[in-house]
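Enquirer: The structure's right below; bear with me while I get my questions together.
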Amino acid sequence: MKNIKLAKINAARRALDFIKDGMVIGLGSGSTVNIFIKELSNFVKEKQYIVSVVPSSYDVEILAIKYGLRISTLNENPMPDIAVDGADVVDPELNLLKGGGGALTREKIVDYSSKKLIIIVDESKLKESIFVKPVPVETLPFSWRSVVEKILASYDCSIELRMCGKGKVGPVVTDNGNFILDVYFKDKQHLPSEVNVNLKLIPGVVETGIFSNKFVDAVIVGYENKVEILTR
């Protein structure tokens, strides 16, 4: 069985090669980014670097504080020097699917605002299509049923309102106070950019988990015993 945890550690550590003294670093979210945060903390202490981080979620902010990293915001630093984020799926063109943890909107804002975007994943995230998993769509609670009907009228798909698990009943509520719809597309060959645009034209849709490859500078893929860097 493949050691996925080791693969994630390898990807996270390789991302440290992109970190320089004085940087403002955007932080995405997910299990591999959580590893990166710990590694980053050790790295900057060892190098005696002064860096600041811009978290994309409350969860990541809490973890960054735990490891002693300096917290900043996009309002203080509107264009971070670099963003390091994970992904749920990476396709051959380096389009990404994100949002499994519910932070897609803030992740996209931080990632797209940064001067450079580095994605860190383990090898299991490489797929032929981002549509092998459901596409998260953040929606206003006020209009989620309307959004569902409009998506169903446009695509052959099924849709689920994401519900909470242990610790809370009812739907998942994002850091922005919104709901998340998980859209399961029957056709896996859709063009990601077109689906993203079409979904965002629906009133009530805040953001989608489809991230365009044009903002991705590199994808660091971790394996048990090596690291591969993919670029467009």
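Enquirer: So in the stretch 165-200, with the set limited to residues that are touching a residue at least 12 places away in the same chain (Cβ under 8 Å) and small (Gly, Ala, Ser), which one is surrounded by the fewest Cβ atoms within 10 Å (Cβ to Cβ)?
Expert: Within the stretch 165-200, the match that is surrounded by the fewest Cβ atoms within 10 Å (Cβ to Cβ) is Gly177.
Enquirer: If Asn10 meets every condition in (1) crowded, with 20+ Cβ neighbours inside 10 Å; (2) within 18 Å of the chain's Cα centre (by Cα); (3) more than 18 Å from Lys115 (Cβ to Cβ) apart from one, which number is that one?
Expert: The one condition Asn10 does not meet is (2).
Enquirer: Then there's this: Against the definition (part of a helix (DSSP H, G or I), touching a Leu at 6+ places or on another chain (Cβ under 8 Å), in contact (Cβ under 8 Å) with a residue 12 or more places away in the chain and crowded, with 21+ Cβ neighbours inside 10 Å), how does Leu40 come out, yes or no?
Expert: For Leu40, the condition - part of a helix (DSSP H, G or I), touching a Leu at 6+ places or on another chain (Cβ under 8 Å), in contact (Cβ under 8 Å) with a residue 12 or more places away in the chain and crowded, with 21+ Cβ neighbours inside 10 Å - is met.
Enquirer: List pairs: first residue in the stretch 201-228 and closer than 10 Å to Asn95 by Cβ, second residue surrounded by fewer than 17 Cβ atoms within 10 Å (Cβ to Cβ) and at pLDDT below 95 anywhere in the structure, Cβ distance under 9 angstrom, at least six positions apart or on different chains.
Expert: Asn213/Arg232; Lys214/Arg232; Val216/Arg232
Enquirer: Can you tell me which residue among Val60, Val90 is within 19 Å of Arg14 (Cβ to Cβ) and at pLDDT 95 or above?
Expert: Sole residue among the options that is within 19 Å of Arg14 (Cβ to Cβ) and at pLDDT 95 or above: Val90.
Enquirer: Starting from the stretch 48-63, take each residue that is more than 21 Å from Lys115 (Cα to Cα) and list its partners that are of a type in the set (Asp, Glu) and not in a strand (DSSP E or B), counting only C-beta distances under 6 angstrom and pairs at least six apart or across chains.
Expert: Tyr58/Asp175
Enquirer: Could you tell me which residue of the stretch 77-136 is surrounded by the most Cβ atoms within 10 Å (Cβ to Cβ), considering only residues that are of a type in the set (Gly, Ala, Ser), within 27 Å of Leu152 (Cα to Cα) and in contact with a Gly (Cβ under 9 Å, 6 or more places away or on another chain)?
Expert: Gly99
Enquirer: Please count how many residues of the stretch 93-127 are part of a loop (DSSP other than H, G, I, E, B) and either free of Cβ contacts under 8 Å to residues at least 60 places away in the same chain or among the polar types (S, T, N, Q) (or both).
Expert: Counting residues in the stretch 93-127 that are part of a loop (DSSP other than H, G, I, E, B) and either free of Cβ contacts under 8 Å to residues at least 60 places away in the same chain or among the polar types (S, T, N, Q) (or both) gives 4.
Enquirer: Is at least one residue of the stretch 147-164 more than 27 Å from Leu6 (Cβ to Cβ), surrounded by fewer than 16 Cβ atoms within 10 Å (Cβ to Cβ) and hydroxyl-bearing (Ser, Thr, Tyr)?
Expert: Yes, the stretch 147-164 has at least one match.
Enquirer: Of the residues Ile25, Ile50, Ile65, only one is surrounded by fewer than 22 Cβ atoms within 10 Å (Cβ to Cβ) and not in a helix (DSSP H, G or I); which?
Expert: Ile50
The values are calculated or read from the model by the stated rules, or taken from the named source; none is laboratory data. All of these numbers come straight from a predicted model, not from anything done at the bench. Methodologically, a virtual Cβ is constructed for each residue, glycine included, from the backbone with ideal geometry; neighbour enumeration extends over all protein chains shown.
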